[in-house]
Amino acid sequence: MTGRSSAKARATRARILEAARRELGRDPDCRLGDIAEAAGVARRTIYEHFAGRAALVEGLAAEAGEAVRRASATIPAPAADAVTALAHFLLTLWPVGDRYRTLIALAHRDLGPDRVGALLGPARDTVTGILAHGQRQGVFHTAVPPGPLGRALEAHVLALLDSVNSGLWTDDGTAAATAALIAMGVGPDLAATTVHRLRPSR
């Protein structure tokens, strides 16, 4: 395959994945033909890149997993202020979750818990470290260990993303981050001040 044809194949694959992200978000049961039409390609073209629906969803999952990994890698080690560190984490990961929130509806049916765990692993490790640091500082709830507390935070954020996906709510991450900090034990005023300090133009 020449460089030009290889670039064309990558562009076509990316277009199919983007169409799948949109169409599966609109209807998790949509057909491959609907995705092909949305991507502007023939159905057989999808099969040139993906063996079927499962492979297409896995392609989306791999793309999302890489985005989570890159975003998590930008989060510095817990700073002196764990509240700011968690707010920064939430605001950084929200756009990734928002872009790939389609996968929330597909997670258990198409991916399974092990694959979901692999996708979220980097984010889970980062947030667990931040929560442990904050618990030592006395700024987060201490009745629950950092690991389980982090899973509760994950469920909280995923529920908010699902509300966006279903059209019940819209947010750029500001309100979600504020609510998540409060859920972790931060006072409402400090939570709001911290998030808006990180997003002064919002």
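The values are calculated or read from the model by the stated rules, or taken from the named source; none is laboratory data. Note that the structure is predicted; figures quoted are calculated from it, not measured. Cβ sites come from the backbone with ideal geometry, for glycine too, and all protein chains shown count toward neighbours. What goes into the accessible areas is simple: the full protein's heavy atoms, side chains included, and nothing from ligands, DNA or RNA. Shrake-Rupley method; radii C 1.70, N 1.55, O 1.52, S 1.80 Å.
Whether a residue is at pLDDT below 90 and part of a helix (DSSP H, G or I) was assessed, and ALA85 does not pass this test.
Quick check: is even one residue across region 151-163 surrounded by fewer than 18 Cβ atoms within 10 Å (Cβ to Cβ), modelled with pLDDT under 95, among the polar types (S, T, N, Q) and not in a loop (DSSP other than H, G, I, E, B)? Looking through region 151-163, at least one residue is surrounded by fewer than 18 Cβ atoms within 10 Å (Cβ to Cβ), modelled with pLDDT under 95, among the polar types (S, T, N, Q) and not in a loop (DSSP other than H, G, I, E, B). Can you name the number of the only condition in (1) in contact with a helix residue (DSSP H, G or I) (Cβ under 8 Å, 6 or more places away or on another chain); (2) charged (D, E, K, R); (3) at pLDDT 95 or above that ASP189 fails? The number of the failed condition is (1).
Within region 43-54, being modelled with pLDDT under 90 and outside any loop (DSSP other than H, G, I, E, B) holds for ARG53, ALA54. Kindly provide the set of residues from region 130-145 that are outside any loop (DSSP other than H, G, I, E, B) and either open to solvent by 30 Å² or more (accessible area, probe 1.4 Å) or of a type in the set (Phe, Trp, Tyr) (or both), ordered by number. Scanning region 130-145 gives HIS133, GLN135, ARG136, GLN137.
Looking at the structure I just gave you, is ALA118 free of Cβ contacts under 8 Å to residues at least 60 places away in the same chain and outside any helix (DSSP H, G or I)? Answer is no for this residue. Scan region 29-65 for residues that are open to solvent by less than 50 Å² (accessible area, probe 1.4 Å), of a type outside the set (A, V, I, L, M) and under 17 Å from the mean Cα position of the chain (by Cα) and jot them down. Answer for region 29-65, where residues must be open to solvent by less than 50 Å² (accessible area, probe 1.4 Å), of a type outside the set (A, V, I, L, M) and under 17 Å from the mean Cα position of the chain (by Cα): GLY59, GLY65. Restricting attention to region 164-198, the residues that are in a loop (DSSP other than H, G, I, E, B) and either surrounded by 14 or more Cβ atoms within 10 Å (Cβ to Cβ) or touching a His at 6+ places or on another chain (Cβ under 8 Å) (or both) add up to 5.
Picking from residues in region 66-96 that are touching a residue at least 60 places away in the same chain (Cβ under 8 Å) and open to solvent by less than 10 Å² (accessible area, probe 1.4 Å), the one that is nearest to THR126 (Cα to Cα) is LEU86.
Yes or no, residue by residue, for (1) charged (D, E, K, R); (2) out of contact with any Lys or Arg (no Cβ under 9 Å at 6 or more places or on another chain):
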| position | (1), (2) |
| --- | --- |
| HIS88 | no, yes |
| ARG99 | yes, no |
| GLN137 | no, yes |
| SER166 | no, yes |
| ALA176 | no, yes |
| ALA179 | no, yes |
| ALA183 | no, yes |
| ASP189 | yes, yes |
